[in-house]
Each structure stands twice: as C-alpha cells, then as structure tokens.
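Asks: Next up is a structure, given as structure tokens.
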Amino acid sequence: SSETFWTTTGMFPQEFIIGFPKCVKISRVAIQCYLVQTLRIERSISNDPVGFELCIEKDLQHTEGQLQMEEFPLPDFQATYLRFIIKSAFDHFVSVHRVMAEGT
C-alpha cells in the first residue's frame with residue numbers, strides 16, 4: 001500500500017535489510033521513496049545477513065512534493081539479502097514507500 005511507509009529517525013546513514021527465503025536471481029530492483037539524496041544497495045549471498053558487497057550507489061534527484069521512483073537493472077545478480085543504506089537526504093527525515101525486486 002502506498003499509504004504505508006518506513007521513515008527514518010533523522011540521522012544518517014539509515015539502513016534496512018530485506019531477506020529472501022533462499023538465494024534468488026534478481027534482474028531488477030525498484031524503490032519508491034521521498035527525500036532520499038544518496039542511496040546505496042548491497043547484497044549478501046550468505047545464509048545470514050553478513051558479508052555484504054556493494055551493488056549500486058546513486059545520487060537521486062530531488063522531486064519536491066512527489067515520490068522518487070528509481071529502477072536499477074541487475075543482470076545476472078544473485079542475493080539472499082539486500083541491504084539498502086540511505087547515506088544522505090534532502091531533509092532531516094525521509095520515507096521509503098515500496099521496494100520491489102523482480103527475478104526468479
């Protein structure tokens with residue numbers, strides 16, 4: 001639901017981890033967020049959320065009054081866990097409204 005969201009506590013960096021039941025192939029990750037300036041996505045292929053490695057780090061464009069919608073194509077990409085790190089923001093608080101991962 002776009003009416004629900006996760007919000008930061010006001011200091012950066014902030015992070016959250018999404019876990020899958022097993023190692024999966026991901027072809028694309030998309031995120032809908034608000035006021036995120038720099039986003040970093042890392043992956044782990046371990047059984048536990050450890051040993052993360054960088055996948056993508058990107059500065060997002062500021063969209064006043066609108067959700068930011070970013071897509072990241074990830075060809076031949078495997079992960080058991082994805083860690084999203086919000087390194088900086090355009091304001092004291094940001095929100096994440098949806099994260100989507102496509103693959104098999």
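The values are calculated or read from the model by the stated rules, or taken from the named source; none is laboratory data. All of these numbers come straight from a predicted model, not from anything done at the bench. So basically every Cβ, Gly included, is an ideal-geometry build from the backbone, and we count neighbours across all protein chains shown. These accessible areas exclude ligands, DNA and RNA; they are computed on the full protein's heavy atoms, side chains included. Shrake-Rupley method; radii C 1.70, N 1.55, O 1.52, S 1.80 Å.
Asks: Condition first: on the phi > 0 side of the Ramachandran plot and of a type in the set (D, E, K, R). Now tell me which residues in the stretch 29-44 satisfy that.
Replies: None; the set is empty.
Asks: Being part of a strand (DSSP E or B) and aliphatic (A, V, I, L, M) is the filter here, so list the residues in the stretch 21-36 that pass it.
Replies: The first filter runs over the stretch 21-36 and keeps only residues part of a strand (DSSP E or B), leaving 21-34, 36.
The answer is VAL24, ILE26, VAL29, ALA30, ILE31, VAL36.
Asks: A further question follows. Return the only residue of PHE12, PHE52 being aromatic (Phe, Trp, Tyr), without any contact (Cβ under 8 Å) to a residue 60 or more places away in the chain and touching a Lys or Arg at 6+ places or on another chain (Cβ under 8 Å).
Replies: Every option except PHE52 fails the conditions.
Asks: Something else about it: Does any residue of the stretch 76-88 turn out to be in contact (Cβ under 8 Å) with a residue 60 or more places away in the chain and either outside any strand (DSSP E or B) or over 12 Å from the mean Cα position of the chain (by Cα) (or both)?
Replies: Checked the stretch 76-88: at least one residue is in contact (Cβ under 8 Å) with a residue 60 or more places away in the chain and either outside any strand (DSSP E or B) or over 12 Å from the mean Cα position of the chain (by Cα) (or both).
Asks: I'd like the full set of residues that are open to solvent by 20 Å² or more (accessible area, probe 1.4 Å) and touching a Cys at 6+ places or on another chain (Cβ under 7 Å), limited to the stretch 81-104.
Replies: HIS97
Asks: Right, next: Condition first: among the aliphatic types (A, V, I, L, M) and modelled with pLDDT of 95 or more. Now tell me which residues in the stretch 55-65 satisfy that.
Replies: LEU60
Asks: Restricting the search to the stretch 7-36, which residues are closer than 14 Å to LYS87 by Cβ, under 16 Å from the mean Cα position of the chain (by Cα) and surrounded by fewer than 18 Cβ atoms within 10 Å (Cβ to Cβ)?
Replies: PHE12, PRO13, GLU15, PHE16
Asks: Right, another one. Looking at the stretch 37-73, which of its residues are among the hydrophobic types (A, V, I, L, M, F, W, C), under 13 Å from the mean Cα position of the chain (by Cα) and either surrounded by fewer than 18 Cβ atoms within 10 Å (Cβ to Cβ) or not in a loop (DSSP other than H, G, I, E, B) (or both)? Give the steps one after another, and end with the answer.
Replies: Step one: of the stretch 37-73, the residues among the hydrophobic types (A, V, I, L, M, F, W, C) are 39, 41, 45, 50, 52, 54-56, 60, 67, 69, 72.
Filter again for under 13 Å from the mean Cα position of the chain (by Cα), leaving 39, 41, 54-56, 60, 69, 72.
Hits for the stretch 37-73 are LEU39, ILE41, LEU54, CYS55, ILE56, MET69, PHE72.
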